[in-house]
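The values are calculated or read from the model by the stated rules, or taken from the named source; none is laboratory data. Being a predicted model, the structure only gives us computed values, none of them experimental. Virtual Cβ from ideal backbone geometry, glycine too; neighbours counted across all protein chains shown.
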Amino acid sequence: MTISVLIVDDEPLAREGVSLRLQQEADIEIIGECENGSDAIRAILSLQPDLVFLDIKMPTVNGFDVVNAVGADHMPPVIFLTAYDEYAIDAFNSHAIDYLLKPIDDDRFKESLKHARAQILKNTIAERSEQLTQLLSQTNPSQKLPTNTSAIGTSGNQQHKRLVIRASGHVYLLEASDIYWVEAEGDYVSVHTPQKSHLVRDTMKNMEQRLTEQGFQRVHRSSIVNLHYVRELISLDSGDYQIILRDNTSVKLSRNYRDALYQRLNAEP
């Protein structure tokens with residue numbers, strides 16, 4: 001099992017120290033480094049690492065802010081990095097696997113990584129068991145899952161389609177009601193649900209074609225929203241609007257899509 005790791009620290013030498021130690025581990029893949037908390041939040045949501053080495057004391061957005069922004073329930077296992085041991089209690093209250101004091105001791109680093117491996121393996125087994133149970137309960141036993149599909153597809157009949165998402169080695173079957181909104185992320189799209197965000201390789205055009213008939217509307221070149229979860233519209237000085245969803249997510253509505261959204265909202269029963 002390969003463990004994907006994200007390193008977050010505002011000090012370049014600290015990031016390098018963690019990176020050099022991890023490069024000696026055959027089962028570790030470093031998938032990114034961040035120098036501030038804001039970048040860390042975006043990287044965690046998009047890259048979905050198995051493990052995060054996270055500095056606590058960073059300017060503006062600190063390590064605890066990162067956990068709170070992502071959500072403790074959605075945060076991958078964390079090993080906090082700190083030069084101050086008074087943060088230890090807060091670190092464990094934030095569901096950290098461990099914390100390492102700077103300067104990092106090699107033996108202590110290996111011990112912490114060993115503990116992380118055990119926790120990640122335990123979480124993986126539990127998650128796969130739960131996903132298999134859900135898959136069996138949602139799929140007709142007489143039907144086989146397609147073996148050659150794109151990252152995102154659909155299952156079910158025309159009246160009741162589910163989105164089939166293949167990401168990070170997992171298969172997720174999502175109802176339209178599971179999805180709040182969809183966001184463009186370069187060559188990928190992020191499918192946002194209340195539980196987590198799924199980053200998959202697809203285009204907004206394909207997503208729009210699949211979701212429009214299921215109560216979704218394109219509101220920006222980089223955004224599609226579930227109309228059922230639109231709570232209010234806020235007018236901006238630029239002539240654009242902000243769409244506020246039921247979970248308080250703010251999504252920009254551009255003028256090019258405004259009339260189409262109004263028509264859809266007025267047509268909704």
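Is it true that Ala83 is outside the structural domain of Asp187 (by TED's automatic domain parsing) and either modelled with pLDDT of 90 or more or buried (at least 16 other Cβ atoms within 10 Å of the Cβ) (or both)? Against the criterion (outside the structural domain of Asp187 (by TED's automatic domain parsing) and either modelled with pLDDT of 90 or more or buried (at least 16 other Cβ atoms within 10 Å of the Cβ) (or both)), Ala83 does not qualify.
So, Lys196, is that one within 25 Å of Leu51 (Cα to Cα) and either modelled with pLDDT under 90 or over 14 Å from the mean Cα position of the chain (by Cα) (or both) or not? Criteria met by Lys196.
Against the numbered list (1) farther than 21 Å from Pro194 by Cβ; (2) crowded, with 20+ Cβ neighbours inside 10 Å; (3) modelled with pLDDT under 90, Ala88 comes up short only at (2).
Please state which of the following conditions Lys205 fails to meet, knowing it meets all the rest: (1) over 25 Å from Val70 (Cα atoms); (2) surrounded by 14 or more Cβ atoms within 10 Å (Cβ to Cβ); (3) basic (Lys, Arg). For Lys205, the failing item is (2). Taking the stated definitions as given, is Val182 at pLDDT 85 or above and closer than 30 Å to Ser250 by Cα? So Val182 passes the test. Going by the structure shown, is Pro59 in contact (Cβ under 8 Å) with a residue 40 or more places away in the chain, in contact with a strand residue (DSSP E or B) (Cβ under 8 Å, 6 or more places away or on another chain), in a loop (DSSP other than H, G, I, E, B) and at negative phi? No; evaluated as a whole, the condition is false for this residue.
Screening the candidates Val225, Val219 for the property of being out of contact with any helix residue (DSSP H, G or I) (no Cβ under 6 Å at 6 or more places or on another chain), part of a strand (DSSP E or B), buried (at least 21 other Cβ atoms within 10 Å of the Cβ) and touching a residue at least 12 places away in the same chain (Cβ under 8 Å) yields one hit, Val225. Within the stretch 175-196, the set of residues being surrounded by fewer than 20 Cβ atoms within 10 Å (Cβ to Cβ), more than 13 Å from Asn226 (Cα to Cα) and either in contact with a strand residue (DSSP E or B) (Cβ under 6 Å, 6 or more places away or on another chain) or touching a residue at least 12 places away in the same chain (Cβ under 8 Å) (or both) comprises Ala184, Glu185, Asp187, Tyr188, Ser190, Gln195, Lys196. Checking His74 against (1) at pLDDT 95 or above; (2) touching a Lys or Arg at 6+ places or on another chain (Cβ under 7 Å): exactly one of these is not met. Which one? Single failed check for His74: (1).
For the stretch 32-42, does any single residue satisfy the condition of being surrounded by 15 or more Cβ atoms within 10 Å (Cβ to Cβ) and closer than 23 Å to Lys122 by Cβ? Among the residues of the stretch 32-42, not one is surrounded by 15 or more Cβ atoms within 10 Å (Cβ to Cβ) and closer than 23 Å to Lys122 by Cβ, which makes the answer no.
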